[in-house]
Amino acid sequence: MAHILNANLRAVDIPGHYQDDYLIILPNTSEAGGRIIAGRLTQAVQARRAAGDDGNSALAIFMGMAAHPGGREADADALVSQSSAALAEARRRRANSVVGFGELSGG
């Protein structure tokens with residue numbers, strides 16, 4: 001997964017590990033831009049699965065996204081909570097799902 005992240009993220013993006021999941025901070029990126037990057041990551045995972053590279057044939061990706069519109073100070077705890085809720089919904093869906101917090105009822 002580290003190779004996929006390094007090959008598909010921009011120099012300003014910050015990948016990390018949060019609990020049992022990966023977390024990627026995308027500075028100055030709208031939700032639409034986040035979806036583009038999510039699509040890039042999904043394609044990379046699917047390509048690896050199709051090629052059977054490095055024993056990654058069982059690799060799947062689930063993404064939950066939260067966005068901050070800018071202007072006011074971001075609440076990091078709220079963003080983590082929102083992206084965690086979106087991730088939980090992505091896990092309920094099929095593999096390689098991307099869910100934005102705004103898609104959730106009340107989001």
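Quick notes on this one:
- Distant-in-sequence amide contacts of H68, defined by a placed amide H-H separation under 5 Å and a gap of 5 or more residues or a different chain, comprise nothing.
- To the nearest ten degrees, helix 31-51 and the longest principal axis of the Cα atoms of the chain are 10 degrees apart.
- A Förster distance of 22 Å, applied to the separation of the beta-carbon atoms of V12 and Q46, puts the FRET efficiency at 0.30.
- For the chain, applying the loop criterion from DSSP together with a ceiling of 13 other beta carbons within 10 Å to the GluC sites (Glu not before Pro) yields E73.
- Note on the chain: antiparallel DSSP beta bridges, both residues inside, total approximately 55 percent of the bridges counted.
- Backbone phi angles across the range 87-99, fed through the Karplus curve with coefficients 6.51, -1.76 and 1.60 (θ = phi - 60°), yield HN-Hα couplings of 5, 4, 5, 4, 5, 6, 8, 6, 4, 6, 8, 10, 10 Hz in residue order; Gly and Pro are listed as x.
- G100 long-range amide H proximity, modeled H, under 5 Å: M65
- Length added when fully stretched, H68-R91, from 0.36 nm per residue minus Cα-Cα: 6.0 nm
Read-outs throughout are calculated quantities, based only on the coordinates presented, and are distinct from any laboratory measurement. Bear in mind that the values here come from a model prediction, so they are computed numbers and not experimental data. Heads up, the Cβs are rebuilt from the backbone with ideal geometry, glycines too, and the neighbour counts pull from every protein chain shown.
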